[in-house]
């Protein structure tokens, strides 16, 4: 079977998508210069130079970056190098993404929508808050406990994180719980005092900011 297009970049996104599409695609290193349609699964900083190598026949995955004349398809997920169930996962399209590539993403379950170029940084910032920053908070909370000799059994804080996401998915803002939601000022003050300075500021700003 002849590949429909090439994925350039063997990072987590490139490997995951290549595994999911199978023989429909070829997966090559950054330095390759294939013919036909090319999907750039490379770091943002590498996109401009590589896009110039494939004028009129490449699409990039960079959620925040906009290049005039170069379309973008950004999957709103966190890749780990393996194919997963992406049913219902948003796919932000900016510019004239070829129909064949749209269909290929659709075959994997991605839900495409059009994202104006000027809104890409805001969209990506929201994604970073949801993914990278949320993970930093969870990992940091675990590290705070570990530093004081508290080793949580089982799966640690993950069941709490999963239950919180499930509640929010089902109930929206009403799925939030905790002392800031209840207005329990005594608990908030006591908890804040237990935290190191930078974490105390984050704790209070996030709690007060969301009300």
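With respect to the conditions (1) buried (at least 17 other Cβ atoms within 10 Å of the Cβ); (2) under 19 Å from residue 131 (Cα atoms), residue 9 lacks only one, and its number is (2).
Taking (1) out of contact with any helix residue (DSSP H, G or I) (no Cβ under 7 Å at 6 or more places or on another chain); (2) farther than 19 Å from residue 139 by Cβ in turn, residue 167 satisfies each apart from (1).
A count restricted to the stretch 54-63 and to residues that are assigned to a loop (DSSP other than H, G, I, E, B) and farther than 25 Å from residue 135 by Cα stands at 4. Restricted to the stretch 51-62, and to residues there that are within 20 Å of the chain's Cα centre (by Cα) and farther than 17 Å from residue 108 by Cβ, the residue that is surrounded by the fewest Cβ atoms within 10 Å (Cβ to Cβ) is 62. Once the stretch 85-112 is narrowed to residues that are touching a helix residue (DSSP H, G or I) at 6+ places or on another chain (Cβ under 7 Å) and farther than 19 Å from residue 124 by Cα, the residue that is surrounded by the fewest Cβ atoms within 10 Å (Cβ to Cβ) is 108. Being assigned to a loop (DSSP other than H, G, I, E, B), out of contact with any helix residue (DSSP H, G or I) (no Cβ under 6 Å at 6 or more places or on another chain), on the phi < 0 side of the Ramachandran plot and at pLDDT 95 or above is a condition met by at least one residue of the stretch 44-53. Can residue 65 be described as more than 16 Å from residue 120 (Cβ to Cβ) and in contact with a helix residue (DSSP H, G or I) (Cβ under 8 Å, 6 or more places away or on another chain)? The answer is no for residue 65. Contact annotation: no residue pair with Cβ atoms under 6 Å, 6 or more positions apart or on different chains, pairs a residue in the stretch 131-151 that is modelled with pLDDT of 95 or more with a partner that is in a helix (DSSP H, G or I) and surrounded by 13 or more Cβ atoms within 10 Å (Cβ to Cβ).
Where in the stretch 65-183 are there strands (runs of 3 or more DSSP E), lying fully within it, with 1 or more residues that are at positive phi?
On the way: elements: 72-75, 90-94, 111-114.
Per the criteria, no element qualifies.
Yes/no per residue for (1) within 30 Å of residue 66 (Cα to Cα); (2) loosely packed, with under 13 Cβ neighbours inside 10 Å:
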{"site": "125", "(1), (2)": "yes, no"}
{"site": "132", "(1), (2)": "yes, yes"}
{"site": "149", "(1), (2)": "no, yes"}
{"site": "157", "(1), (2)": "no, no"}
{"site": "164", "(1), (2)": "no, no"}
{"site": "172", "(1), (2)": "no, yes"}
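Let's see how each residue does on (1) over 26 Å from residue 132 (Cα atoms); (2) within 15 Å of the chain's Cα centre (by Cα):
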position: 14; (1), (2): no, yes
position: 26; (1), (2): yes, no
position: 35; (1), (2): yes, no
position: 48; (1), (2): no, no
position: 65; (1), (2): no, yes
position: 79; (1), (2): no, yes
position: 89; (1), (2): no, yes
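The values are calculated or read from the model by the stated rules, or taken from the named source; none is laboratory data. Not measured: the values here are computed from a predicted model. Cβ: placed from backbone, ideal geometry, glycine included. Neighbour counts: every protein chain shown.
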